[in-house]
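Take a look at the structure set out below.
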Amino acid sequence: MAFRSVLRSVWTSFTGLNPGTLSSSVVARQTQNVPRLSALTIHSRGIRQALIFGLTTLQIEGKILEVPPGPKPPNPEAKCPIYRWNLQHKYNYTDVLLLSQFIRSDGGMLPKRITGLCPEEHRKIAVCVQMAHRAGLLPDHRPRLPEGHVPKPKKPKLNRYLTRWSVGSVKPIYKKGLKWCKKRMDVGHPALKNNIRYGFGHLHLRH
Amino acid sequence: MSNFSRTAQQWASFARSWFLIDARMQPPGKIASMCSVRLQGKHKPIYHAISDLGDHVVVINSRHIAFSGNKWEQKVYSSHTGYPGGFKQVTAAQLHQKDPKAIVKLAVYGMLPKNLHRRTMMQRLHIFPDDELPEDILANLTEELQQPREIPRKLNEYTQEEKDAFPRVWTPPEDYLLK
């Protein structure tokens with residue numbers, strides 16, 4: 001009885017998922033009772049496919065699919081993944097496909113002991129992720145709201161890009177100063193100063 | 001062009017054209033510099049300051065401009081009413097909320113030459129906060145200009161094939177729970 005009620009709770013948690021179309025980065029967060037093993041939960045890297053079958057009794061089978069090996073990095077001996085793929089000094093806040101590999105589903109960064117990034121690149125990626133969030137380029141990586149939360153009608157957000165500081169923390173520059181001692185506004189981030197620039201213009205970090 | 005009559009050639013070179021610029025997700029300064037070049041007539045090889053060569057420029061979606069950096073909070077627009085205690089300072093965000101056309105208008109005004117032609121050139125600038133244009137202006141438009149800034153794509157605008165084609169740069173360890 002307890003087993004079936006537990007299974008029912010697991011089944012309800014799976015109703016939203018369509019078996020067979022799960023991507024490889026799907027959550028294995030919910031605790032599952034795989035029938036053949038003991039009742040203790042086993043957290044694993046990813047149960048990629050869940051088959052729900054059975055008419056009288058509910059049985060769920062979770063399989064860890066074999067992921068086909070992807071393309072080889074051009075520099076496999078390096079420790080940091082950015083150096084392995086020779087992407088140092090080449091990425092920016094717009095390269096969302098790269099940045100999304102280092103973030104959690106609520107938008108936070110993954111620790112560098114897990115991703116294997118070296119400290120400088122971890123800092124640069126964190127800065128780019130921050131700028132991408134503020135530019136609105138990662139709309140699905142929002143913090144999880146509690147259940148039953150009714151969002152208030154929001155006022156329309158202003159478009160921005162290359163924002164270094166957080167929006168509420170900046171004060172207006174009421175006294176700009178003369179040309180030789182002007183208070184400049186910060187744009188972009190100095191961590192990305194050494195990025196490769198194709199073209200003759202200089203990188204202006206203070207407008 | 002060689003078989004135009006003299007009158008027709010004169011009309012073709014001195015006619016006033018109407019340009020359209022979409023300011024969605026664009027920095028207002030770059031939009032304003034493009035506008036000021038065309039309002040003065042500096043994009044024409046026959047330019048002279050005295051001959052009234054400037055064209056009309058229509059800017060749409062000025063409500064959706066994008067400032068780089070933290071300029072929405074830091075940039076301050078100041079004015080004085082002339083009366084004592086009438087010095088007003090407003091941030092760009094506050095000014096944009098009050099009047100979505102003001103930022104582009106002030107930017108273009110500051111980039112035009114500071115002479116008596118400036119007011120006539122500003123009369124030839126038409127700014128609209130959204131997509132809707134009145135029919136008479138829509139009928140006059142001749143050319144749309146390219147946007148100065150390339151708009152970056154959001155993550156949900158990439159197709160699943162493009163996301164799959166991008167290689168996984170690192171593999172998580174076997175026992176790590178990816179949230």
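The values are calculated or read from the model by the stated rules, or taken from the named source; none is laboratory data. For clarity, every value in this text was computed on a predicted model and none was experimentally measured. Counting neighbours? That spans all protein chains shown, and the Cβs are built from the backbone with ideal geometry, glycine included.
Is it fair to say B:HIS96 is more than 9 Å from every other protein chain (Cβ to nearest Cβ), at pLDDT 95 or above and over 30 Å from A:PRO73 (Cβ atoms)?
no
Name the single residue, out of those in the stretch A:175-192 being part of a loop (DSSP other than H, G, I, E, B) and more than 17 Å from B:PHE67 (Cβ to Cβ), that is nearest to the other protein chains (Cβ to nearest Cβ).
Looking at the filtered set, the residue picked out is A:LYS175.
State all residues of the stretch A:96-117 that are over 13 Å from A:HIS141 (Cβ atoms), more than 9 Å from chain B (Cβ to nearest Cβ) and crowded, with 17+ Cβ neighbours inside 10 Å; if no residue qualifies, say none.
A:LYS112
Taking the stretch B:80-130, which residues are crowded, with 16+ Cβ neighbours inside 10 Å, part of a strand (DSSP E or B) and free of Cβ contacts under 8 Å to residues at least 40 places away in the same chain?
Answer for the stretch B:80-130, where residues must be crowded, with 16+ Cβ neighbours inside 10 Å, part of a strand (DSSP E or B) and free of Cβ contacts under 8 Å to residues at least 40 places away in the same chain: B:VAL90, B:THR91.
State all residues of the stretch A:65-95 that are in contact with a strand residue (DSSP E or B) (Cβ under 8 Å, 6 or more places away or on another chain) and within 11 Å of chain B (Cβ to nearest Cβ); if no residue qualifies, say none.
Passing the criteria: only A:TYR93.
Kindly state which helices (runs of 4 or more DSSP H) lie completely within the stretch A:1-117 and contain at least 1 residues that are modelled with pLDDT under 70.
A:2-14
Failed condition for A:CYS181, given (1) over 30 Å from A:ARG123 (Cα atoms); (2) modelled with pLDDT under 95, with all others met?
Single failed check for A:CYS181: (2).
What about A:HIS133, is it free of Cβ contacts under 8 Å to residues at least 40 places away in the same chain, part of a helix (DSSP H, G or I) and under 22 Å from B:ARG153 (Cβ atoms)?
yes
Is there a residue in the stretch B:53-64 that is without any contact (Cβ under 8 Å) to a residue 12 or more places away in the chain, surrounded by 18 or more Cβ atoms within 10 Å (Cβ to Cβ) and closer than 22 Å to A:GLY136 by Cβ?
Scanning the stretch B:53-64, I find no residue that is without any contact (Cβ under 8 Å) to a residue 12 or more places away in the chain, surrounded by 18 or more Cβ atoms within 10 Å (Cβ to Cβ) and closer than 22 Å to A:GLY136 by Cβ, so the answer is no.
When you go through (1) part of a helix (DSSP H, G or I); (2) charged (D, E, K, R); (3) more than 14 Å from chain A (Cβ to nearest Cβ) one by one for B:ASP164, which number turns out not to apply?
(3)
Filter the stretch A:140-192 down to residues that are closer than 27 Å to B:ASN156 by Cβ and polar (S, T, N, Q) and give me whichever is surrounded by the most Cβ atoms within 10 Å (Cβ to Cβ).
That would be A:THR163.
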